[in-house]
Amino acid sequence: MLLKKMFRDMRQNLSQFIAIFLMSMLGVTVFAGINAEWQGMKHERDRFYEESRLPDFWLLGRNFTEEDLEEAAQISGVEAVSRRLIADAVVQTGKKPALRIHIIEDNELSRPHLVEGEAFGPARDGIWLDSYFAEAHDIRVGDTIRAEAGGMVFEKEVIGLIMHPEYVYCARDETQLFPQPENFGFAFVPRKVLPEILPLPYNQLMIRLEDSADAKVVQSELEKRFKGKYSLLQTHETHLSTSMIEMEIQQNKAIGNVFPVVFFLIAALAMLTTMVRMTGNQRIQIGTLKAMGYSRHKILFHYISYGIWIGLAGGLLGLAIGPLLVPPILFEMQKTLYYLPDWYAVLTPESCAVVIIAVLCCGASSYFACRRELKDVPAACMRPKPPRAGRHTRWEKSALWHKLGFSAQWNIRDILRSKVRSAMAIAGVAGSMTLLLCAFGVLDTIGGLGDWMYRDLHAYDYRINLKEEIHQEEIDALKQKYGGQLIQELAIELRKDGREETGFLTVIEPGEQIRFQDPERNPMTLPDSGAAMTCKMATLLGLEVGETFEWRNPGDTQWHITRVEALYRSPTGQGITMSERAYEAAYDTMVPTALLVAGNGSDAVGLPGVKDVKSKDEMRAGLEKMLESMRTLVGILILAAVVLGAVVLYNLGSLSFAERVRELATLKVLGFFPGQIRGLLNKQNLLLTIVGIIIGMPCGYALIAYMVSTLSEAIDMPARVSPATLVLCIIGTLATSLAVGLLLSRKVGTIDMVSSLKAVE
């Protein structure tokens, strides 16, 4: 009988239960979908790394010998060691794209993944080429590729097309913000097929650790044993490809974990309001069930089952469709940035556990909603609930109270006497405002990054990257032809009071191609002495202006002590910046790595000393491409936020109306017209909405700040909400709330005054 009653009640309150069902479904859909996406991405990445035996450390130097291999192999915890030569070449075709060639001694570590052609063979004469680079340049297996490296021109047959674990994010360096297979790719060549007379010093050492090894201990031992023999030690945290895909995974994980929490809280609130209204309306039915012999616990479980079944149905459907709908949408964006052999969603136990959370939220809400009605004896339950005794509030004793009109007095009295109901309405509006502001605010934050970086900070049009072995006369020739501003960029290690970070040192000659902004994003100039440090790096090291820190080039034994003379804000490239004068006065001669040019610099490709040329438009387009997947994800969340906001506000409004039926009927009896009563309700709704919006704004800002904090330590992206976005969210929330209020206020004309005003004891 109770089961039939439950289905009958659900049919009678179909819209409310459908709304709760949708909220449970959306919460689980968002979590399960995003969780399946990043878990699948992580699973395939880890499988790819393990299959290819990706190293844990990379040491870059000039010449690693057999003795160095033996020295590294003797370190406790080291599983395998290999070496190779890495050289940058220029392909003699089209726009002369860059090709990073790996000449390897063996195939024990960092193995290529075959896409097409023959598997990599150490004795096979030929070249194995990046499959994305080959596609961009219409190169096929069997074709001959001609390239120049270090003044040597060579031709090799393409034996196979490959992917590689070190190039999942295939960018040349940190200055290239996104993969550009038309401009950069990689290739592998066996050392055994090359003439022995070629002077090919191995400039990279790869170390893979045992599963039980302590990476920090091994790293410390490597630094001690190879002191002075390497220029850079890379880990998974500092390697460009491994760090970028890890950042992507962590970003999506944070979004997937945060937003469903908000959804479930709102779903629980909606369930609570629905069940409070239902049990209030079913007092007589509850009393009848008690009189028929049903125990309090059985009736309690009956009403709890409403939430259990709705939460379970919504959760299971969300669990089914989330991994099917969300990952493919996100994968389409990510495939343009990250190169993995396969893409698939992974359903994890965490997603199944979220279904249980959805059930618990709805079930608990049902319990708290109906337990109050079950305390009365059957005789009391079978009569309508008497209205609460009225009493004067403190506000009514003030002089200001008597100056207010009836409308204001009625609404203020109603709000203060129904604090729980009013608080729930405010919470619903605040939740809706929080979700909308966070979603649109994240779009503002990432959307303004391009203008900030490439309009406000970078005034140049082209970046001409210089070769390491460039001569001074070649620099002078480029400077004479293009003008511009020379800079030097190099990776460094920084430390302060035991804290160590990896960042960049930028040395800049006088010029106008790079601008700087202080922590409040106001224009500033570089100090004449010491260093200017990025705000993000200062936070990581716990530094303030006037304090000193230490830095060194990786592999150097000497640490330099430098004073922080100023702080500046930069979206990327966290570290320190010095003027040319300050750097050369304190340390060494500036060795330029790039020339920043205003105007046309595209014709510098192929000139002596030039590594490659990048336009600002290309770099900005790459940044936008990087952010596209986050925009897609946020778009999904905006849609869910709008639906949830409308649903919860409707349910809260329905409860409010149901609780005030007797009061509204009394007003009708006293001669108030329906329009006047609707005006009273709409004014109260407007007041509560404004309070909810005010509370929701700082909550939205806090949620945005949390989302931004999940980004990589290399990125400084202050939370930003434009005035237009703030106005849009306020208007959207206000319009939704008022629309719901107007819809519900129309029910005033349907109130049955006779039944509503029946006498009660």
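Data table
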| item | result |
| --- | --- |
| Residue match in the stretch 192-208 (condition: in contact with a helix residue (DSSP H, G or I) (Cβ under 7 Å, 6 or more places away or on another chain), modelled with pLDDT of 90 or more and aliphatic (A, V, I, L, M)) | yes |
| Qualifying positions in the stretch 48-66 - over 18 Å from residue 79 (Cβ atoms) and either free of Cβ contacts under 8 Å to residues at least 24 places away in the same chain or of a type in the set (Val, Ile, Thr) (or both) | 65, 66 |
| From the options 573, 635, residue that is over 22 Å from residue 499 (Cα atoms) and at pLDDT below 90 | 635 |
| Selection count where residues are surrounded by fewer than 18 Cβ atoms within 10 Å (Cβ to Cβ) and either aromatic (Phe, Trp, Tyr) or assigned to a helix (DSSP H, G or I) (or both), scope the stretch 474-497 | 7 |
| Candidate set: the stretch 335-367, residues that are buried (at least 22 other Cβ atoms within 10 Å of the Cβ) and of a type in the set (S, T, N, Q); chosen: the one modelled with the highest pLDDT | 351 |
| Among the candidates 253, 298, 290, residue that is in the same structural domain as residue 368 (by TED's automatic domain parsing), over 30 Å from residue 44 (Cα atoms) and buried (at least 17 other Cβ atoms within 10 Å of the Cβ) | 290 |
| Hits in the stretch 545-570 - residues which are in contact with a Lys or Arg (Cβ under 9 Å, 6 or more places away or on another chain) and either closer than 24 Å to residue 234 by Cα or among the polar types (S, T, N, Q) (or both) | 548, 549, 550, 551, 552, 555, 556, 557, 558, 559, 560, 570 |
| Residues satisfying the stated conditions in the stretch 119-142, i.e. over 32 Å from the mean Cα position of the chain (by Cα) and either within 26 Å of residue 57 (Cα to Cα) or surrounded by fewer than 14 Cβ atoms within 10 Å (Cβ to Cβ) (or both) | 119, 120, 121, 122, 123, 125, 127, 128, 129, 138, 140, 142 |
| Output for the stretch 681-703, where each listed residue is more than 28 Å from residue 664 (Cβ to Cβ) and among the hydroxyl-bearing types (Ser, Thr, Tyr) | 701 |
| Answer from 238, 242 - the residue that is under 21 Å from residue 79 (Cβ atoms), of a type in the set (S, T, N, Q) and at pLDDT below 85 | 238 |
| Enumeration of residues in the stretch 340-369 that are of a type in the set (Val, Ile, Thr) and either closer than 30 Å to residue 299 by Cα or more than 23 Å from the chain's Cα centre (by Cα) (or both) | 354, 355, 356, 357, 359 |
| Candidates 68, 88 - the one that is farther than 30 Å from residue 329 by Cβ and either within 36 Å of the chain's Cα centre (by Cα) or surrounded by fewer than 20 Cβ atoms within 10 Å (Cβ to Cβ) (or both) | 88 |
| Some residue of the stretch 80-93 being at positive phi and in contact (Cβ under 8 Å) with a residue 12 or more places away in the chain | no |
| Any pair with Cβ under 9 angstrom, 6 or more apart, that starts in the stretch 94-108 at a residue that is within 14 Å of residue 156 (Cα to Cα) and ends at one that is assigned to a loop (DSSP other than H, G, I, E, B) and modelled with pLDDT under 90 | 103/194; 103/200; 103/202 |
| Set 44, 37: member being within 26 Å of the chain's Cα centre (by Cα), surrounded by 22 or more Cβ atoms within 10 Å (Cβ to Cβ) and of a type in the set (Asp, Glu) | 37 |
| Some residue of the stretch 411-431 being at pLDDT below 75 and surrounded by fewer than 13 Cβ atoms within 10 Å (Cβ to Cβ) | yes |
| Extreme residue, nearest to residue 597 (Cα to Cα), among residues of the stretch 498-516 that are surrounded by 15 or more Cβ atoms within 10 Å (Cβ to Cβ) and not hydrophobic (A, V, I, L, M, F, W, C) | 513 |
| Subset of the stretch 427-470 [under 25 Å from residue 628 (Cβ atoms) and not in a helix (DSSP H, G or I)] | 448, 458, 460, 461, 462, 463 |
| Some residue of the stretch 514-529 being modelled with pLDDT under 90, of a type in the set (Lys, Arg) and closer than 28 Å to residue 227 by Cα | no |
| Residue 284 out of contact with any strand residue (DSSP E or B) (no Cβ under 6 Å at 6 or more places or on another chain) and surrounded by 20 or more Cβ atoms within 10 Å (Cβ to Cβ) | no |
| From the options 590, 619, residue that is crowded, with 18+ Cβ neighbours inside 10 Å, in contact (Cβ under 8 Å) with a residue 24 or more places away in the chain and farther than 14 Å from residue 458 by Cβ | 590 |
| Flag for residue 547 being exposed (fewer than 15 other Cβ atoms within 10 Å of the Cβ), modelled with pLDDT of 90 or more and of a type outside the set (Phe, Trp, Tyr) | yes |
| Residue tally, condition among the aliphatic types (A, V, I, L, M), outside any helix (DSSP H, G or I) and more than 13 Å from residue 172 (Cβ to Cβ), over the stretch 72-86 | 5 |
| Whichever residue in the stretch 47-63 is part of a loop (DSSP other than H, G, I, E, B) and modelled with pLDDT under 90 and, among such residues, is surrounded by the most Cβ atoms within 10 Å (Cβ to Cβ) | 63 |
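Rundown of residues vs (1) among the polar types (S, T, N, Q); (2) modelled with pLDDT under 90; (3) not assigned by TED's automatic domain parsing to the domain that holds residue 275, yes/no style:
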{"site": "11", "(1), (2), (3)": "no, yes, no"}
{"site": "20", "(1), (2), (3)": "no, yes, no"}
{"site": "37", "(1), (2), (3)": "no, no, no"}
{"site": "44", "(1), (2), (3)": "no, no, no"}
{"site": "65", "(1), (2), (3)": "yes, yes, yes"}
{"site": "81", "(1), (2), (3)": "no, no, yes"}
{"site": "103", "(1), (2), (3)": "no, yes, yes"}
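The values are calculated or read from the model by the stated rules, or taken from the named source; none is laboratory data. Fair warning: this is a prediction, and the values are worked out from it, not measured in the lab. Glycine also receives a Cβ, built like all others from the backbone with ideal geometry; neighbour counts cover every protein chain displayed.
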